[in-house]
Amino acid sequence: MLAFKSVTQPYSPSPLIKDLMKRYIDAINLCIDIAIEKNITSRNSLSNEAYKIISRYNLPSYYYVEIINKAIALVKNYRKRLRKGQKVSKPRVGKLTLSSYYGFKIDGEYLIIPTSNEKYRRSYEKIELNNYVRGKISNVEVRSFTISEGRLSLTIGKEVSLIECNNTVGVDRNIRNITVGNEYHYKRYDVSEVVKIKNRYRKKVSHFKRNDNRIRKKIEEKYGRRSSSRVNQILHKISKDIVKDAIKNNEAIVLENIKGIRNITKKGDYKGKDYRFLFNNAFPYGKLEFQIKYKCAWEGLPVIELSRKDTRNTSRTCSVCVSLSK
């Protein structure tokens, strides 16, 4: 079984890479316009329609596949929301990014990526990798790279063997605690600090009175990144400990389907904005599930996902008002 995860390092793009990223984004937005205008729904059709047009951006052809994939993915999500009757604007990629799973190579301590598509020879850019990333990719295959403003991310993959487990252990996700256990043992993790971090960020942002919306948004994003970083670190430690204990005890991890739990409360149900905040923003249920899943996949540990029928809607029932989410 193939398992994947990503490793990242800080990176400040050079002027050459920034120019390449701008052309890459422009090509994606052009493909989005073509797909919407001509009602294209498949990658092959968009490739046939836009392949020659993309060439005017003078990008290495290695990036064409990823440009078309990103454009189609955004257009499909746009059409899906339209079918649901949701208010949505035309998709646009604004932040600078660059990614590909073709044409690059790792040479010692450098990542080498193509930067131009000249007639007789290509030009390349060398990006130095730090010690942490070099250690992580030493015995695995690097499958793709992604560059954004301030960050370089490498997707790595390896073949893993599935662990045969003798028992299972359930993970119960709540707003202020996570309980992991079965009939033989249990362990509880306190995540009330996550709620405090989210509340502090909410309070800070509510006090911003800057007249310039662009500056206010930039400051909000700064505090948002700091808040997310702290929350991610807490969840990383917890998910790592959960997977480590499961491997030690030879137990498969069981996760319940809590999709729609945030629909327990909505605006207009007289519950109050603080109550809604707890369900909608205070605890990232999905992020913890994602971290557990990818760490289990990397170690070859099975993950069992229970349906709503299996759990008999227990996770969708509010313990306070006994209302059921949709």
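Tabulated data for the structure shown
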quantity: Odd one out for ASN130, checked against (1) closer than 28 Å to SER228 by Cβ; (2) outside the structural domain of TYR11 (by TED's automatic domain parsing); (3) in contact with a strand residue (DSSP E or B) (Cβ under 6 Å, 6 or more places away or on another chain); calculated: (2)
quantity: Scan of region 126-162 for residues that are assigned to a strand (DSSP E or B) and aromatic (Phe, Trp, Tyr), ordered by number; calculated: PHE145
quantity: ARG173 being in contact with a Phe, Trp or Tyr (Cβ under 6 Å, 6 or more places away or on another chain), surrounded by 13 or more Cβ atoms within 10 Å (Cβ to Cβ) and of a type in the set (D, E, K, R); calculated: yes
quantity: Candidates LYS70, LYS87, filtered to the one that is at pLDDT 90 or above and either within 20 Å of the chain's Cα centre (by Cα) or assigned by TED's automatic domain parsing to the domain that holds ARG43 (or both); calculated: LYS70
quantity: Among (1) touching a Ser or Thr at 6+ places or on another chain (Cβ under 7 Å); (2) in a loop (DSSP other than H, G, I, E, B), the one test that GLU183 misses; calculated: (1)
quantity: Unique residue being closer than 30 Å to THR179 by Cβ and within 21 Å of the chain's Cα centre (by Cα) when the list is ASN232, ASN199; calculated: ASN232
quantity: Region 102-136, subset of a type in the set (A, V, I, L, M, F, W, C) and buried (at least 16 other Cβ atoms within 10 Å of the Cβ), residue nearest to SER14 (Cα to Cα); calculated: ILE127
quantity: Among the residues listed as SER99, SER144, the single one being assigned by TED's automatic domain parsing to the domain that holds LYS38, at pLDDT 90 or above, of a type in the set (Gly, Ala, Ser) and over 29 Å from GLU37 (Cα atoms); calculated: SER144
quantity: Checking ARG151 against (1) touching a Pro at 6+ places or on another chain (Cβ under 8 Å); (2) among the basic types (Lys, Arg); (3) exposed (fewer than 14 other Cβ atoms within 10 Å of the Cβ), the condition it does not meet; calculated: (3)
quantity: Residue within region 18-27 that is under 19 Å from ASN77 (Cβ atoms), assigned by TED's automatic domain parsing to the domain that holds SER148 and out of contact with any helix residue (DSSP H, G or I) (no Cβ under 6 Å at 6 or more places or on another chain) present; calculated: yes
quantity: Which listed residue, of LYS266, LYS259, LYS293, is surrounded by fewer than 18 Cβ atoms within 10 Å (Cβ to Cβ), closer than 21 Å to ASN182 by Cα and either aliphatic (A, V, I, L, M) or at pLDDT below 95 (or both); calculated: LYS293
quantity: Qualifying residue in region 187-198 (condition: surrounded by 14 or more Cβ atoms within 10 Å (Cβ to Cβ), without any contact (Cβ under 8 Å) to a residue 40 or more places away in the chain, part of a helix (DSSP H, G or I) and not acidic (Asp, Glu)); calculated: yes
quantity: Evaluation of ARG121 against (1) modelled with pLDDT under 90; (2) within 29 Å of GLU221 (Cβ to Cβ); (3) charged (D, E, K, R) (one fails), failing number; calculated: (2)
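Listed here are the residues, each with its yes/no results for (1) in contact (Cβ under 8 Å) with a residue 12 or more places away in the chain; (2) within 21 Å of LEU154 (Cβ to Cβ); (3) surrounded by fewer than 16 Cβ atoms within 10 Å (Cβ to Cβ).
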{"residue": "CYS31", "(1), (2), (3)": "yes, no, no"}
{"residue": "ILE36", "(1), (2), (3)": "yes, no, no"}
{"residue": "ASN39", "(1), (2), (3)": "no, no, yes"}
{"residue": "ALA50", "(1), (2), (3)": "yes, no, no"}
{"residue": "ILE53", "(1), (2), (3)": "yes, no, yes"}
{"residue": "TYR62", "(1), (2), (3)": "yes, yes, no"}
{"residue": "GLU66", "(1), (2), (3)": "yes, yes, no"}
{"residue": "SER89", "(1), (2), (3)": "no, no, yes"}
{"residue": "ARG92", "(1), (2), (3)": "yes, no, yes"}
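The values are calculated or read from the model by the stated rules, or taken from the named source; none is laboratory data. This one's a predicted model, so the numbers in the text were calculated from it and none came from an experiment. Don't worry about glycine lacking a Cβ; one is built from the backbone with ideal geometry, like all the others, and counts go over all protein chains shown.
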